[in-house]
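Visitor: The structure's right below; bear with me while I get my questions together.
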Amino acid sequence: MALIGTIRKNSWILIVLIGFALGGFIIMDMTSAGGNTGGGGQFSMGKVYGQEIDYREFQNTQNVLYSGGGASVFDQRNYLWNYFVEKAIVEKEADQLGLSVGSNELNELQFGSNISPIIQQRFMNPNTGQIDYNQLNSFRQAIQNNTLAPEFRQMWYYQEKEVIKAQLQSKLNNIVSKGIYTPTWMAEMAHHNRNDKISFEYVQIPFDEVADSEIEVSDADLKAYIQENKAIYNREEETRKIDYAAFNVIPTSKDSADLWSSLESTKQPFQNAENDSLIVETNFGTIDVVYFTPDELAPEIREQIQTMEPGDVYGPYQAGDEYRLVKLLDKKVIADSVKARHILRQAQTQQELISGIQFLDSLKELIESGVEDFDSLAIRYSQDGGSASLGGDLGFNHRSASFVKPFKDMIFYQGEIGELNTVVSQFGIHLIEVTDRKFLTQEDNYQVAYLQSPIIPSEETQDVEYDRVTDIVTNNQDLNALTETIQDIPGIEIQQSGFVQKNDAFLLEIGTNQTARDIIRWAFDGDTEIGDVSPEVYINEDAQRYFNNKYLIVALSEIEPAGMASLESVRDDITPIVVNKKKAAVLTSKVSGSDLSAIAEQFGSAVDSVTDITFSATFVPGLGNESKVIAQAFKLKINEVSAPIAGENGVYVIRITDRIDDVTDPNIALMRNQTSSQFKSSVPTQLMQSIKKNVKIRDNRFTFF
């Protein structure tokens, strides 16, 4: 029964089962004749250290562990790819170092006192933030008794692999962390970087003192900058740029008129309806028990609603991108504050929910019969630690209080004083009694229901626009021809994506979705050449209203090989930087003398100051992030004036006004520990990234997704 309770509690398990079943169908289809594996009949998605990453295992892992999660399928795939790559690396490195995870250790990580973070996350009680050991032990008992259902065995099998990989990786990190040592000279330097202080006056000469027209930047200048910053502009894999024209699908006047007419035809049935909830539900409307003040209602109906009587319907009217009908269900004065008390029984499983309701029903009978008092029962049985000791009393709370909606609806809009009501919320089951109300204002509040119709293009309009865009594609199969054609279409222009990689699934025009992924896959196809226009018109669907809101014509405009970036690919990014460097040289040549006031007057600036700045300061109030200025300042003596310094936001001239060199003996042990800890904290991320850069990884994901 405990295991069944676990299943009922976790709706994601149902999704896992569905996903696992679908995954089985996919694999059956792929292994049958004609299945497209994207790899010449092979299932290899990649290879790391000679270890194949198998597509079938990849899909199974995703279906069993991650389907139904909040992340997009593209984020799931990226996460899983990194997991499999890191798993291969960790296993190889661990094998060479003689590291392993024994059965006893694995048992501790799954069920013992050293629970793996993976288990902690998956078996956490969302209300307490603690591991739900009841749920975890249900799985443990089923595993020990060999009664765990096959689908759950699959889940646990893949989860065990995750736990082992994480533990081995933790051991590798610990080995490296243990080897980190801060020598005495570095500890002393860290001490002085944190404790030596300087104060200085400065003049900032902004770059815009030099007009852009005065600066000439040649290709040679830009290429030189790229060479000076090779580490920044070296690309590890090929990237491509896509040109596209986006055609928004707009509803016609006829579409709008038809939608208005259709909604208007429901006005009388809406007004005559005895069951408002039913007609709202069947017409995709909205209804709420909340009573709104006039100011809380939309401007389009704020005044109108105050002239209506319950049962009246107003509209259609336009609110944003939809037409609406509003029906006044009721109006009355609502209390500004309510005093209430409750008894809470927490419920995380279906069985706990049922038993909790039954238990509170029995308490309700005791209270209503006069056998027991509410407050005494709350003290004994309520699982709300905050109010139980007060007899369940929550005091007076304003309507703006942040109660969960079912609870708030009951105490403000549904419950009567002295009445006992049971409400289910995300925290469990509440037995609620409203004990008092305060009416500070006497204005009417309004309970309303809506029928709404989004103003979207009809299928006919979508089809007409699709045919128009298809004709453009058919008659313009190269980028030059497409560009000329688009120039003659009002409101449409050729736009350009940034450089994308072959496994990306994001384009600025449409975001992250399957359409973006399909476009990028076409752009990286081996038969696609620069200047080609895709023969397919790509459809982007509105994620909320499920209509075709955009058609895209795409073309491949640039290919940037792996390695050092070409000038054209980074020209727009680096030109402003090189311009500022040249402006800095011009400004530096114009600075004369060492009198800060005179320099400030020369450039219409002012003399500012900063005090008690340490060498390790990354941001200085008033000065900003100017590490070059700070570095130069610590080289100067008191009253010494610097040469012009080219910073991030202009040219600076500084004069040291005070300097405090810490003369206390540094606590070497403390500084050594702090400095080492700083480096050790970066090991979990930096170590794996470093290994990846030195390992040959074959990535075939592009052929599968």
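The values are calculated or read from the model by the stated rules, or taken from the named source; none is laboratory data. As the structure is a computational prediction, the values presented were derived from the model and not from experiment. Cβ atoms come from the backbone with ideal geometry, glycine included; neighbour counts cover every protein chain shown.
Visitor: Name the one entry in GLN462, GLN452, GLN383, GLN426 that is polar (S, T, N, Q) and modelled with pLDDT under 90. Spell out how you get there, then give the answer.
Guide: On the way: GLN462 fails: modelled with pLDDT under 90; GLN452 fails: modelled with pLDDT under 90; GLN383 fails: modelled with pLDDT under 90.
Step by step, each of GLN462, GLN452, GLN383, GLN426 is checked, and only GLN426 is polar (S, T, N, Q) and modelled with pLDDT under 90.
Visitor: Given the conditions (1) surrounded by fewer than 16 Cβ atoms within 10 Å (Cβ to Cβ); (2) in contact with a Gly (Cβ under 9 Å, 6 or more places away or on another chain), report the number of the one that GLN348 does not fulfil.
Guide: Answer for GLN348: the failing condition is (1).
Visitor: Let me ask another. Only one residue in GLN452, GLN447 is within 30 Å of SER256 (Cβ to Cβ) and in contact with a Ser or Thr (Cβ under 9 Å, 6 or more places away or on another chain), so which one is that?
Guide: Working: GLN447 fails: in contact with a Ser or Thr (Cβ under 9 Å, 6 or more places away or on another chain).
That would be GLN452, the only listed residue that is within 30 Å of SER256 (Cβ to Cβ) and in contact with a Ser or Thr (Cβ under 9 Å, 6 or more places away or on another chain).
Visitor: Let me ask something additional. Would you tally the residues in segment 558-581 being in a helix (DSSP H, G or I), of a type outside the set (A, V, I, L, M, F, W, C), under 12 Å from ILE226 (Cβ atoms) and touching a residue at least 12 places away in the same chain (Cβ under 8 Å)? Step through it out loud before you land on a result.
Guide: First, pick out the residues of segment 558-581 that are in a helix (DSSP H, G or I): 567-581.
Within this subset, residues satisfying the condition of being of a type outside the set (A, V, I, L, M, F, W, C) are 568-569, 571-573, 575-576, 580-581.
Now narrow it down to the ones that are under 12 Å from ILE226 (Cβ atoms): 568-569, 571, 573, 575.
Those still in the list that are touching a residue at least 12 places away in the same chain (Cβ under 8 Å) too: 569, 571, 575.
Residues flagged as in a helix (DSSP H, G or I), of a type outside the set (A, V, I, L, M, F, W, C), under 12 Å from ILE226 (Cβ atoms) and touching a residue at least 12 places away in the same chain (Cβ under 8 Å) within segment 558-581 amount to 3.
Visitor: Where residues in segment 585-594 are in contact (Cβ under 8 Å) with a residue 40 or more places away in the chain and in a loop (DSSP other than H, G, I, E, B), which of them is surrounded by the fewest Cβ atoms within 10 Å (Cβ to Cβ)?
Guide: Going through the qualifying residues, I end up with SER594.
Visitor: Only residues that are surrounded by fewer than 14 Cβ atoms within 10 Å (Cβ to Cβ) and of a type outside the set (A, V, I, L, M, F, W, C): list them for segment 313-338, please.
Guide: Step one: filter segment 313-338 for residues surrounded by fewer than 14 Cβ atoms within 10 Å (Cβ to Cβ), giving 318, 320-321, 332-333.
Those that are surrounded by fewer than 14 Cβ atoms within 10 Å (Cβ to Cβ) and of a type outside the set (A, V, I, L, M, F, W, C): GLN318, GLY320, ASP321, LYS332.
Visitor: So which residues in segment 463-481 are part of a helix (DSSP H, G or I) and over 14 Å from TYR538 (Cβ atoms)? Even if it seems obvious, please write down each step before you answer.
Guide: Initial filter on segment 463-481 (part of a helix (DSSP H, G or I)): 463-474, 479-481.
Hits for segment 463-481 are ASP463, VAL464, ASP467, ARG468, ASP471, THR474, LEU479, ASN480, ALA481.
Visitor: So, VAL404, is that one closer than 21 Å to VAL338 by Cα, among the β-branched types (Val, Ile, Thr) and either surrounded by fewer than 19 Cβ atoms within 10 Å (Cβ to Cβ) or touching a helix residue (DSSP H, G or I) at 6+ places or on another chain (Cβ under 9 Å) (or both) or not? Quick ask: steps written out before the conclusion?
Guide: Working: closer than 21 Å to VAL338 by Cα: yes; among the β-branched types (Val, Ile, Thr): yes; either surrounded by fewer than 19 Cβ atoms within 10 Å (Cβ to Cβ) or touching a helix residue (DSSP H, G or I) at 6+ places or on another chain (Cβ under 9 Å) (or both): yes.
So VAL404 fits the description; yes.
Visitor: So in segment 351-367, with the set limited to residues that are of a type in the set (S, T, N, Q) and over 37 Å from the mean Cα position of the chain (by Cα), which one is surrounded by the fewest Cβ atoms within 10 Å (Cβ to Cβ)?
Guide: Filtering segment 351-367 down to residues of a type in the set (S, T, N, Q) leaves 351, 355, 358, 362.
If we keep only those that are over 37 Å from the mean Cα position of the chain (by Cα) too, we end up with 355, 358, 362.
Numbers: SER355: 14, GLN358: 11, SER362: 9.
Going through the qualifying residues, I end up with SER362.
Visitor: Here's something else I'd like to know. For segment 670-685, which residues satisfy the criterion of being closer than 11 Å to ALA190 by Cα and either of a type in the set (Lys, Arg) or touching a Gly at 6+ places or on another chain (Cβ under 7 Å) (or both)?
Guide: Within segment 670-685, just ARG672 meets the criteria.
Visitor: Name, by its number, the condition in (1) more than 23 Å from the chain's Cα centre (by Cα); (2) outside any loop (DSSP other than H, G, I, E, B) that does not hold for THR515.
Guide: Only one criterion is unmet by THR515, namely (1).
Visitor: Of these, ASP595, ASP573, which one is under 34 Å from the mean Cα position of the chain (by Cα), more than 30 Å from ASP463 (Cβ to Cβ), assigned by TED's automatic domain parsing to the domain that holds GLN227 and not polar (S, T, N, Q)? Talk me through it step by step, then tell me what you get.
Guide: Details: ASP595 fails: under 34 Å from the mean Cα position of the chain (by Cα).
Of the residues listed, the single one that is under 34 Å from the mean Cα position of the chain (by Cα), more than 30 Å from ASP463 (Cβ to Cβ), assigned by TED's automatic domain parsing to the domain that holds GLN227 and not polar (S, T, N, Q) is ASP573.
Visitor: Now for a separate question. So which of SER387, SER362 ends up being in contact with a Leu (Cβ under 7 Å, 6 or more places away or on another chain) and either without any contact (Cβ under 8 Å) to a residue 24 or more places away in the chain or within 19 Å of ARG437 (Cβ to Cβ) (or both)?
Guide: Values: SER362 fails: in contact with a Leu (Cβ under 7 Å, 6 or more places away or on another chain).
Of the residues listed, the single one that is in contact with a Leu (Cβ under 7 Å, 6 or more places away or on another chain) and either without any contact (Cβ under 8 Å) to a residue 24 or more places away in the chain or within 19 Å of ARG437 (Cβ to Cβ) (or both) is SER387.
Visitor: Kindly establish whether GLY315 is part of a loop (DSSP other than H, G, I, E, B), touching a residue at least 24 places away in the same chain (Cβ under 8 Å), among the small types (Gly, Ala, Ser) and not assigned by TED's automatic domain parsing to the domain that holds ARG399.
Guide: On the way: part of a loop (DSSP other than H, G, I, E, B): no; touching a residue at least 24 places away in the same chain (Cβ under 8 Å): yes; among the small types (Gly, Ala, Ser): yes; not assigned by TED's automatic domain parsing to the domain that holds ARG399: yes.
No: the conditions fail for GLY315.
Visitor: Quick one: which residue in THR252, THR266, THR282, THR239 is among the hydroxyl-bearing types (Ser, Thr, Tyr) and touching an Asp or Glu at 6+ places or on another chain (Cβ under 6 Å)?
Guide: Values: THR252 fails: touching an Asp or Glu at 6+ places or on another chain (Cβ under 6 Å); THR266 fails: touching an Asp or Glu at 6+ places or on another chain (Cβ under 6 Å); THR282 fails: touching an Asp or Glu at 6+ places or on another chain (Cβ under 6 Å).
The match here is THR239.
Residue-wise test of (1) modelled with pLDDT under 95; (2) in contact with a helix residue (DSSP H, G or I) (Cβ under 8 Å, 6 or more places away or on another chain); (3) among the polar types (S, T, N, Q); (4) on the phi > 0 side of the Ramachandran plot.
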site	(1), (2), (3), (4)
THR512	yes, yes, yes, no
ASP518	no, no, no, no
TRP522	no, no, no, no
ASP532	no, yes, no, no
ALA543	yes, no, no, no
ASN548	no, yes, yes, no
LEU552	no, yes, no, no
ASP572	yes, no, no, no
SER592	yes, yes, yes, no
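Visitor: Looking only at segment 658-691, count how many residues are exposed (fewer than 15 other Cβ atoms within 10 Å of the Cβ) and within 21 Å of ASN503 (Cα to Cα).
Guide: 1
Visitor: Give me the helices (runs of 4 or more DSSP H) completely within segment 177-254, filtered to those with at least 3 residues that are surrounded by 11 or more Cβ atoms within 10 Å (Cβ to Cβ), ordered by residue number.
Guide: Where helices (runs of 4 or more DSSP H) fall fully within segment 177-254 and carry at least 3 residues being surrounded by 11 or more Cβ atoms within 10 Å (Cβ to Cβ), they are 184-195, 219-228.
Visitor: Continuing with this model, one more query. Any chance you could count how many residues in segment 389-415 are farther than 18 Å from TYR446 by Cα and either basic (Lys, Arg) or part of a loop (DSSP other than H, G, I, E, B) (or both)?
Guide: So the answer is 8.
Visitor: Residue by residue through segment 368-387, note down the ones that are part of a helix (DSSP H, G or I) and buried (at least 19 other Cβ atoms within 10 Å of the Cβ).
Guide: As a first pass, look at segment 368-387 and keep what is part of a helix (DSSP H, G or I): 368, 374-381, 385-387.
Answer for segment 368-387, where residues must be part of a helix (DSSP H, G or I) and buried (at least 19 other Cβ atoms within 10 Å of the Cβ): PHE374, LEU377, ALA378, SER387.
Visitor: Moving on to the next point. Give me a count of the residues in segment 456-493 that are in contact with a helix residue (DSSP H, G or I) (Cβ under 6 Å, 6 or more places away or on another chain) and over 18 Å from ALA555 (Cα atoms).
Guide: 3
Visitor: Just to be sure, is ARG302 closer than 21 Å to PHE407 by Cβ and surrounded by 14 or more Cβ atoms within 10 Å (Cβ to Cβ)? Break it down into steps so the answer makes sense when it comes.
Guide: Values: closer than 21 Å to PHE407 by Cβ: no; surrounded by 14 or more Cβ atoms within 10 Å (Cβ to Cβ): yes.
Here the answer is no, as ARG302 does not meet what is asked.
Visitor: Hey, can you tell me all the residues within segment 235-267 that are among the polar types (S, T, N, Q) and in contact (Cβ under 8 Å) with a residue 40 or more places away in the chain?
Guide: Here is the first cut: in segment 235-267, the ones among the polar types (S, T, N, Q) are 239, 248, 252-253, 256, 261-262, 265-266.
Across segment 235-267, the qualifying residues are THR239, ASN248, THR252, SER256, SER262, THR266.
Visitor: Tell me, which helices (runs of 4 or more DSSP H) lie completely within segment 41-152 with 3 or more residues that are surrounded by fewer than 19 Cβ atoms within 10 Å (Cβ to Cβ)? Show your work before the answer.
Guide: Working: elements: 55-61, 73-97, 103-111, 117-122, 133-144.
Here the list reads 73-97, 103-111, 117-122, 133-144.
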